[in-house]
Amino acid sequence: MAYLQGSFPVARRRQLAEGFWDLWVCCPPVAQQAQAGQFVNLKAEGFFLRRPISICEIRPQEGLIRLVFQVRGEGTEKLSQLQEGDRVDLLGPLGNGFKLLSPQSRVVLVGGGIGVPPLLQLAAHYGPAATVILGFRTAGAAILTQEFRQLGCDLRLVSDDGTLGRQGLVTGPLEQRLLEGPAELVCACGPMAMLREVVRLAEGAQVPSQVSLEEHMACGVGACLVCACRTVKDGREIFSHVCKDGPVFDGKEVVFQ
């Protein structure tokens, strides 16, 4: 799949929560190609390196992609200041997304914090067949929960401080769901420690898993080799690259440290 580069207008902009921003960008050629789990690289004015942002939603008929991100530094702070009508330099769609099963498949989607947005387009594919488990630091940091409800998913929420859903980690509801009945796939995006436990629980239940990894990136297309991660292929440990070989990997192939 070819990626594209161009300057595209911001169609909509709003703040979702403290430090979390929601942009709809009108870029028809990217929207026509993009898949759940892929990302784009945005150029923030005044910064040399682009910022990788996961694709949250895709509306090919309208030529729109939705980008939800958290301000984590000066570059993303600059991106958060974009206004409707401003143009943003965008490179994408990049990377490999989630491999989709039939829409009726019983899947479990697990997201933590800013790992939640990449799962929304995936949830749109499965709808009521999906159990969605989302974890946040606190209720004030929760994003996109209403969108998952509108898709008809079985939504289960947890928070670190107990202000939203049950208190604890996403692994608790995941373990419970895997005991409740069959699942054909577990997909997850979030911190590495969370992904390690998600894969462990899925393997224990003999359920395949796919995980979306985060790493610092520079080029986003596999040229600079900054985003290396350890994986296993054909029984041999190798270095893969999150931007080109991922960001979505088969859970059993990732070497968690």
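The values are calculated or read from the model by the stated rules, or taken from the named source; none is laboratory data. Just so we're clear, the structure is a prediction, and the values are computed from it rather than from any experiment. Methodologically, a virtual Cβ is constructed for each residue, glycine included, from the backbone with ideal geometry; neighbour enumeration extends over all protein chains shown. We work out accessible area using only protein heavy atoms, side chains counted, and drop any ligands, DNA or RNA first. Shrake-Rupley method; radii C 1.70, N 1.55, O 1.52, S 1.80 Å.
Taking only Cα atoms, what is the 0 to 90° angle, nearest 10, from helix 192-204's long axis to the longest principal axis of the chain?
Orientation of helix 192-204: about 40 degrees from the principal axis.
From the protein chains alone at 1.4 Å, what is the descending order of accessible area for ARG166, ARG137, largest first?
Sorted by accessible area, descending: ARG137, ARG166.
Under the 0.36 nm per residue contour assumption, what length would be gained going from the current alpha-carbon distance of LEU101 and THR138 to full extension?
Full extension of this stretch gives 10.1 nm more.
Please sort by residue number the chymotrypsin sites (Phe, Trp or Tyr not before Pro) in region 32-107 whose DSSP state is loop and whose Cβ has at most 11 other Cβ atoms within 10 Å.
PHE48
From the alpha carbon gyration tensor of the chain, can you work out the equivalent ellipsoid semi-axes (sqrt of 5 times each eigenvalue) and give them in Å, largest to smallest?
Numbers: eigenvalues 153, 93, 60 Å².
Ellipsoid semi-axes (Å, largest first): 28, 22, 17.
Ratio of region 151-257's C-alpha Rg to 2.2 N^0.38 Å, to two decimals?
Region 151-257 yields a ratio of 1.20.
Taking Cα pairs under 8 Å and at least six residues apart, what relative contact order does region 1-50 come out at, in percent?
Computed value for region 1-50: 26 percent relative contact order.
Please give me the summed charge of the neighbours of GLN167: other residues whose Cβ is under 11 Å from its Cβ, Lys and Arg +1, Asp and Glu -1.
-1
Suppose only helical runs count, i.e. DSSP H with n ≥ 4. What mean residue ellipticity at 222 nm does that imply for the chain under -39500 (n - 2.57) per run, divided by all residues and rounded to the nearest 500 deg cm²/dmol?
One gets -5500 deg cm²/dmol as the mean residue ellipticity at 222 nm.
Using the 2.2 N^0.38 Å rule of thumb for compact globular proteins, work out how region 1-118 stacks up: its C-alpha Rg over that value, please.
Rounded to two decimals, the normalised Rg is 1.05.
Tally Lys and Arg at +1 and Asp and Glu at -1 over the other residues with C-beta under 13 Å from the C-beta of GLU180: what net charge comes out?
In short, +1.
Grab the Cα-Cα distance for PHE48 and THR163, subtract it from 0.36 nm times how many residues apart they are, and report the gain in nm with one decimal.
Numbers: separation 115, 0.36 × 115 = 41.40 nm, distance 3.96 nm.
Full extension of this stretch gives 37.4 nm more.
On a full-extension model of 0.36 nm per residue, what is the gain between ARG236 and GLN15, subtracting their alpha-carbon distance, rounded to one decimal in nm?
Extra length available between ARG236 and GLN15 comes to 75.1 nm.
Return one number: the angle in degrees, 0 to 90 and rounded to the nearest 10, between the long axis of the Cα atoms of helix 171-180 and the longest principal axis of the Cα atoms of the chain.
It works out to around 50 degrees.
Can you count the Lys pairs in the chain whose Cα atoms are under 19 Å apart, with each pair 8 or more apart or on different chains?
8
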